[in-house]
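Right, one structure below, let's go through it.
No lab work stands behind these numbers, since they all come straight from the coordinates. All values derive from a computational prediction rather than experimental measurement. Please note: Cβ atoms are built from the backbone with ideal geometry, for glycine as well, and neighbour counts cover all protein chains shown.
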Number of protein chains: 2
Amino acid sequence: MAKLIKRSAEEEAFLAEYEVEAFERSSVTVDVVVITAIDGHLRAVLYRRPNAPEKGAWSLPGGFLREDETLHRTAERVLERRAGLSEGFFFEQLYTFGAPDRDPRTRVVTVAYYALVEPGRLQERLAEGEQADVQLATLTVPWLGEQAGPIEAADAKGKKLRLAFDHAGILGMAVRRLRGKLMYTSIAYRLLPETFTLRELQQVHEAILGEALNKRSFRRRLLASGEIEPTGKLEEGTDFRPAQLYRAVLGW
Amino acid sequence: MAKLIKRSAEEEAFLAEYEVEAFERSSVTVDVVVITAIDGHLRAVLYRRPNAPEKGAWSLPGGFLREDETLHRTAERVLERRAGLSEGFFFEQLYTFGAPDRDPRTRVVTVAYYALVEPGRLQERLAEGEQADVQLATLTVPWLGEQAGPIEAADAKGKKLRLAFDHAGILGMAVRRLRGKLMYTSIAYRLLPETFTLRELQQVHEAILGEALNKRSFRRRLLASGEIEPTGKLEEGTDFRPAQLYRAVLGW
DNA sequence: ATAATAGTGTCTCTCAGACACTATACC
DNA sequence: GGTATAGTGTCTGAGAGACACTATTAT
């Protein structure tokens, strides 16, 4: 503590309160919403909880904040350990959840992050070994625009998943943030491989916004934006006319 | 704690890890950026720190998260105790700061909130008693749009203030958020009294965005938005032609 | 009358949406 | 050829900015 100085009664009161309150400490965790887009739908990595509380429910990958570690670094650790991701993706802080009863064991304040990953990286990763306890769940957003609210997750067969704690709300916040940022930042490219067609880019935009977009406007706007450049190559393996491949021109 | 239940070996292992990590706990505080707009400039409530660390520097009002209290409620408590505000204003969570060295005393994770208040409420409050240790500092934002970054604060005489900890960055996040929300939400009215002129409304928009707006477009857009309605009254006490007074029509 | 701001008429430019069309691949 | 998608030409309407104008208040 600082050395003693002359204090007013008010300052003494303030310091006394500080000492008392300093005893009340919380566990701080970081949960990460790892998002990708496949066939026009957003998806997120979910883990099945093996233990109580919320045993059997699906939850976001998370971990405890350690001493001398930034929140950012905790998120990186979670991404590496629980999703096998170590670099080449975008992530940022989302929102902090601190309801006193959100975890029945003890007071837990959770700082949520979200990460955007191209689907190939995750599918590779999640294909290793048995997947009974991890999956790329498909998200369904029951609201438009940035209204926010909890959202639903389903497995590959379309079966609705029970989400643990307040994680439906955290997923909702992630989608809300994506929708808000889509217009004025370049997040969409983070959900695509290095080269992509305009159709794929439009599908990602539509998956985020949850609504169909006008093809003519979309192409005009994106081509005029300077954010993408043609590679001169065509996509391969289609059943129909192959499209031009583009590349994002950004400071990744 | 929950009552004991039968556990598998795997569950035991999980709980053991949980117990270990549960020892690493942090102090959680809530700092609030209380913002208003006066004469085309954003302002924020700042307190002078009476003690080390950062003695003499200016800081955001804040307080510790208590047991059984939501983050939201902590913010309310800070607003009431440190700014005299108990209702009738907007506030929401901003961002969470958790660098290990941001407070030299102990590990402190701070969840920042911001509140929007009409200037009358604050000036009333801050006028009570001596103001040597609290003030409505004027903010200067050295960047455009939502680039983000720290911002500067100055006192009534224009003298630059030294800001404590990472509070310049927190203020920057608040302005960034305001700029982002201005276009698609009704936050501007939260910085104005119940009735206001279109000039005052435009000045608030300009203060938030940090740039001049086109008068014709601004009026057209706001009048067509359905967000405001005329009161039929005129402003009083001007040196020139008095303007119509409007009222926001929102779910406050 | 003068100064200062409130408030409007109207032209132009940009851009989004609608619609219809042509182009190119696989089968 | 048929089918499916890629990709374009062009009209229309909405809205932003520019500019110039009229209106109303205090002094």
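As a summary of the residue check, A:Arg247 satisfies the conditions (1) within 11 Å of DNA strand D (Cβ to nearest atom); (2) assigned to a strand (DSSP E or B) except for the one numbered (1). Going by what's in this entry, would A:Thr140 be described as of a type in the set (Val, Ile, Thr), away from chain B (no Cβ under 11 Å) and surrounded by fewer than 17 Cβ atoms within 10 Å (Cβ to Cβ)? Here the answer is yes, as A:Thr140 does meet what is asked.
Exactly one residue among A:Lys157, A:Lys215 is under 28 Å from A:Pro61 (Cα atoms) and more than 21 Å from the chain's Cα centre (by Cα), and that residue is A:Lys157.
Of all residues in the stretch A:93-119, those satisfying the criterion of being under 20 Å from the mean Cα position of the chain (by Cα), more than 10 Å from every other protein chain (Cβ to nearest Cβ) and surrounded by fewer than 21 Cβ atoms within 10 Å (Cβ to Cβ) are A:Glu118, A:Pro119. More than 14 Å from every other protein chain (Cβ to nearest Cβ), exposed (fewer than 15 other Cβ atoms within 10 Å of the Cβ), away from DNA strand D (no atom under 15 Å from the Cβ) and not charged (D, E, K, R) - does that describe any residue in the stretch A:202-212? Within the stretch A:202-212, none of the residues are more than 14 Å from every other protein chain (Cβ to nearest Cβ), exposed (fewer than 15 other Cβ atoms within 10 Å of the Cβ), away from DNA strand D (no atom under 15 Å from the Cβ) and not charged (D, E, K, R). What about A:Pro242, is it more than 16 Å from DNA strand D (Cβ to nearest atom) and either assigned to a loop (DSSP other than H, G, I, E, B) or away from every other protein chain (no Cβ under 14 Å) (or both)? So A:Pro242 does not fit the description; no.
Mind listing just one residue for me: the one in the stretch A:217-239 that is of a type in the set (S, T, N, Q) and either within 8 Å of DNA strand D (Cβ to nearest atom) or in contact with a Lys or Arg (Cβ under 8 Å, 6 or more places away or on another chain) (or both) and, of those, farthest from A:Gln203 (Cα to Cα)? It would help to see each step written out before you state the result.
First pass over the stretch A:217-239, keeping only residues of a type in the set (S, T, N, Q): A:217, A:225, A:231, A:238.
In the following step, the residues that additionally are either within 8 Å of DNA strand D (Cβ to nearest atom) or in contact with a Lys or Arg (Cβ under 8 Å, 6 or more places away or on another chain) (or both) were identified as A:231, A:238.
On the way: A:Thr231: 20, A:Thr238: 16 Å.
Among residues in the stretch A:217-239 that are of a type in the set (S, T, N, Q) and either within 8 Å of DNA strand D (Cβ to nearest atom) or in contact with a Lys or Arg (Cβ under 8 Å, 6 or more places away or on another chain) (or both), the one farthest from A:Gln203 (Cα to Cα) is A:Thr231.
Return the residue satisfying two criteria in turn: it lies in the stretch A:192-215 and is within 15 Å of DNA strand C (Cβ to nearest atom) and in a loop (DSSP other than H, G, I, E, B), and of such residues it is farthest from A:Arg177 (Cα to Cα). For the stretch A:192-215, the residue satisfying everything is A:Thr197.
Looking only at residues of the stretch A:182-191 that are crowded, with 17+ Cβ neighbours inside 10 Å and of a type outside the set (A, V, I, L, M), we find that the one that is nearest to DNA strand C (Cβ to nearest atom) is A:Ser186. Scanning the stretch B:216-239 for residues that are more than 25 Å from B:Ile35 (Cβ to Cβ) and assigned to a loop (DSSP other than H, G, I, E, B), which turns out farthest from DNA strand C (Cβ to nearest atom)? So the residue we want is B:Gly226. Just one of (1) touching a residue at least 24 places away in the same chain (Cβ under 8 Å); (2) touching a strand residue (DSSP E or B) at 6+ places or on another chain (Cβ under 8 Å); (3) under 25 Å from B:Lys181 (Cα atoms) fails for B:Glu152. It is (1).
Identify all residues within the stretch B:195-221 that are over 26 Å from B:Glu152 (Cβ atoms) and either in contact (Cβ under 8 Å) with a residue 60 or more places away in the chain or in contact with a strand residue (DSSP E or B) (Cβ under 9 Å, 6 or more places away or on another chain) (or both); write none if there are none. Steps first, please.
Quick first cut of the stretch B:195-221, residues over 26 Å from B:Glu152 (Cβ atoms) only: B:195-199, B:214-221.
Passing the criteria: B:Thr195, B:Phe196, B:Thr197, B:Leu198.
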